[in-house]
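Student: Quick one: this structure, given as structure tokens, is what I'll be asking you about.
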Amino acid sequence: MRSDQFYRNLMRLMSDTFPGYEFLVNAQSTKRDLTRFANSEIHQNVSSQEMSFTAIFMKNKKLAVVSSNDDSLEGLKRLKEQVDEIIESSPELPYEFKMPPLRMEYPHYMEEESMKDVHPSKRAELFDMVKSIADEKNLKAFGYVANTAGDVAVFSTTGLFLYMSYTNADFNVVLLNETGSGSYGSGVAKNFEELDMERKVREVADLAVKNVPKVEIEPGSYTVILGPEAVASLFMYFAFGAINGFWHELGTSSSVKYLGKKIGPDFLCFKDDPEDERLVKVPFDMVGTKRETFPIIENGVFKNVLYSYGAALMFGKEPTGHTFNLEQLDFAFPANPVICAGEVSKEDLFAKVDKGLYIHRFHYMNIVDPSNLVLTGMTRDGLYLIEKGEIVSASKNMRFNVPFYELMESLKGLSKEQETVGGAFSGAVAPYALFEGFTFTSKTDH
């Protein structure tokens, strides 16, 4: 990590190097240490350290967007030559672009003391725990354990300057049985203790033992329970495909039909929540907009779409704090996604299913119909038969096509229990979910 003073000096250096330009810069440094394991053996310890920045430069109503990992004076001079060439050959913007307004606040120091200078032996201890659980069940373990320390600065010629530093821990693990099938788990947290890795690995091991496909189910509509990994994926594709304000304004998003309408039961809630302690807080976006809890689905109503800074300027809207890519100023995404918990326990949720399926995770998901948000993909790492509230055996995986909004209408329950799973930015918080109508379209070979 650098420091806020380092980035203030970089801001001054860029001001001297780019006279006559307005600019907005995202700069960050990251140190990531990772222990990778396969066949229940550690086979790699790696450490990487990177510094990079992305910047928007403006002159004469023209923009240049560039990225670099060279913050030396000579590197900035070479970058200026590149920016000059881009500006010279670029057309004028079709809309008025202006740099974000002046905004300053105290630095956000969010490092956990226990995550500073983590020795590889700490990650090795966690691997030993994984191996011990795998050996108990005659399973093989694959995956990684990692810790990251980093910082981010956002600054501009308007006087905007914001800084945050952070640490986190994350892992994923695949446990395979003798047939080559198994199960998967992931997690992200502010420190190793909150990662709750042992409990999650034990749950993965129990599923991996049961994942010996003995039957094939037929295509059709089934009552299903989705695990948190699957629920998180489902709502991330909703986020990618339906809540971007730019696509909403162009009329190409399913939000055109469904925004403001009730799409699920009263207990359905999806939000972007930087105040959730289970996630690594992202207090501002990459144009310096303050981030606050932002409801997307509330009481079953599709309430809001997200406006990036670029989309807000284009369409006369207020930016919502979801700009995370200066190279795609029309892109918006929730950095701290939370699918809210329900009111019943996981056990009671399963008890509601006399006969159905448990889906642990999805694979190869895609959007086949953006206007109606029809999602396709496959099950992965476990498609299990439920009888009288209990997982009794495993089936071969299946391919599915599900319209998101129709699926939400069939939502019958969410668990009190939530998991923080790996994913974009800081991970995602998700419960177990019970649906009455989940459509499988075809079988797979495994």
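Student: Loop only by DSSP, 10 or fewer other Cβ within 10 Å of the Cβ. Give me the trypsin sites (Lys or Arg not before Pro) in the stretch 337-446 that pass, ordered by residue number.
Tutor: The qualifying sites are Lys388.
Student: Moving on to the next point. From the P(r) of the stretch 341-413, can you give the percent of Cα pairs sitting at distances over 16 Å?
Tutor: Counting pairs separated by more than 16 Å, the tail of P(r) holds 59 percent.
Student: Please give the calculated 222 nm ellipticity per residue for the chain, where each DSSP H segment of at least 4 residues contributes -39500 (n - 2.57) and the sum is spread over every residue; nearest 500 deg cm²/dmol?
Tutor: It lands at -7000 deg cm²/dmol.
Student: May I pose another question? Please list, in order along the stretch 47-58, the HN-Hα scalar couplings obtained from phi with the Karplus expression 6.51 cos²θ - 1.76 cosθ + 1.60 (θ = phi - 60°), rounded to whole Hz, x for Gly and Pro.
Tutor: 9, 10, 9, 9, 10, 8, 8, 10, 9, 9, 10, 10
Student: Please rank His108, His248, fewest neighbouring Cβ atoms within 10 Å first, as an exposure proxy.
Tutor: The most exposed by this proxy come first: His108, His248.
Student: Which of the GluC sites (Glu not before Pro) found in the stretch 291-346 are in a DSSP loop and have at most 12 neighbouring Cβ atoms, other than their own, within 10 Å?
Tutor: On the way: sites: Glu292, Glu298, Glu327, Glu343; in loops: Glu292, Glu327, Glu343.
Loop-located and lightly packed - Glu292, Glu327, Glu343.
Student: Follow-up question, since we're still on this one. Nearest 0.05, what FRET efficiency do Glu136 and Ile217 give at R0 = 35 Å with Cβ-Cβ as r?
Tutor: Here the calculated transfer efficiency is 0.70.
Student: Please compute P(r) over all alpha-carbon pairs of the stretch 30-146, binned at 10 Å starting from zero, and give each bin as a whole-number percent.
Tutor: Percent of pairs per bin, in order: 10, 23, 21, 17, 17, 10, 2.
Student: Take the alpha carbon atoms of the stretch 345-365, find their center, do the same for the stretch 287-316, and report the distance between the two centers in whole angstrom.
Tutor: If you average the Cα positions of each part, the centres end up 31 Å apart.
Student: What are the ³J(HN,Hα) couplings of the stretch 346-363, residue after residue, when phi is run through the Karplus curve with 6.51, -1.76, 1.60 and θ = phi - 60°? Round to Hz, x for glycine and proline.
Tutor: For the stretch 346-363, the Karplus-derived couplings read 4, 4, 5, 5, 5, 5, 6, 9, 6, 8, x, 9, 10, 10, 7, 7, 10, 8 Hz, x marking Gly and Pro.
Student: Divide, for the stretch 4-207, the radius of gyration over alpha carbons by 2.2 N^0.38 Å, where N is the residue count.
Tutor: Rounded to two decimals, the normalised Rg is 1.37.
Student: Would you mind ranking Tyr109, Tyr405 by Cβ crowding within 10 Å, fewest neighbours first?
Tutor: Tyr109, Tyr405
Student: Full-extension gain between Ser89 and Asp348, please, as 0.36 nm times their residue separation minus the C-alpha to C-alpha distance.
Tutor: 86.9 nm
Student: What length, rounded to one decimal in nm, is gained on full extension from Thr439 through to Glu50, with 0.36 nm per residue of separation minus their alpha-carbon distance?
Tutor: 135.6 nm
Student: Using the eigenvalues of the Cα gyration tensor, what equivalent ellipsoid semi-axes result for the stretch 212-443 when each is taken as the square root of five times the eigenvalue, whole Å, largest first?
Tutor: 32, 18, 15
Student: Oh, and also: Would you work out the Kirkwood radius for the stretch 1-93? I mean one over the mean of 1/r across all pairs of different Cα atoms, in Å.
Tutor: Taking the inverse mean of 1/r over all distinct Cα pairs, the stretch 1-93 comes out at 15.3 Å.
Student: Past 25 Å, Cα to Cα, is the threshold; run Lys31/Lys137; Lys190/Lys396; Lys62/Lys303; Lys257/Lys317 against it and keep the listed order.
Tutor: The answer is Lys31/Lys137; Lys190/Lys396; Lys62/Lys303.
Student: Report, in whole Å, the centroid distance computed from the Cα atoms of the stretch 208-266 and the stretch 22-89.
Tutor: The stretch 208-266 and the stretch 22-89 have Cα centres spaced 34 Å from each other.
Student: A further question on this structure: For a quick check of your reading of the filter: which trypsin sites (Lys or Arg not before Pro) in the stretch 211-269 sit in a DSSP loop and have no more than 13 other Cβ atoms within 10 Å?
Tutor: When the trypsin sites (Lys or Arg not before Pro) of the stretch 211-269 are filtered for loop state and at most 13 Cβ neighbours within 10 Å, Lys261 remain.
Student: To the nearest 20 Debye, how big is the dipole of the stretch 4-207 about its Cα centre, given +1 on the beta carbon of each Lys and Arg and -1 on that of each Asp and Glu?
Tutor: With Lys and Arg at +1 and Asp and Glu at -1, about 360 debye.
Student: Oh, and also: Put one equal scatterer on each alpha carbon of the stretch 179-332, apply the Debye formula with no solvent term, and list log10 I(q)/I(0) at q = 0.09, 0.18, 0.20 1/Å to two decimals.
Tutor: -0.42, -1.16, -1.27
Student: Based only on other Cβ atoms within 10 Å, what is the fewest-to-most ordering of Arg291, Arg78, Arg123?
Tutor: Numbers: Arg291 20, Arg78 13, Arg123 24.
Exposure proxy ranking, most exposed first: Arg78, Arg291, Arg123.
Student: Could you give me the ³J(HN,Hα) list for the stretch 178-183, computed from phi with Karplus coefficients 6.51, -1.76, 1.60 and θ = phi - 60°, whole Hz, x at Gly and Pro?
Tutor: 5, 8, x, 8, x, 8
Student: Let me ask you something else. For Thr376 and Leu73 in one chain, what is 0.36 nm times their gap in residues minus the Cα-Cα distance, to one decimal in nm?
Tutor: Details: separation 303, 0.36 × 303 = 109.08 nm, distance 4.91 nm.
Result: 104.2 nm gained on full extension.
Student: Considering every Cα-Cα pair within the chain, what fraction, in whole percent, is farther apart than 32 Å?
Tutor: 45 percent
Every number in this text was worked out from the coordinates using simple rules, so none of it is lab data. Predicted model, so just to flag it, every value in this text is computed and none were measured. Because the Cβ atoms are built from the backbone with ideal geometry, glycine has one as well, and the counts that use them run over all protein chains shown.
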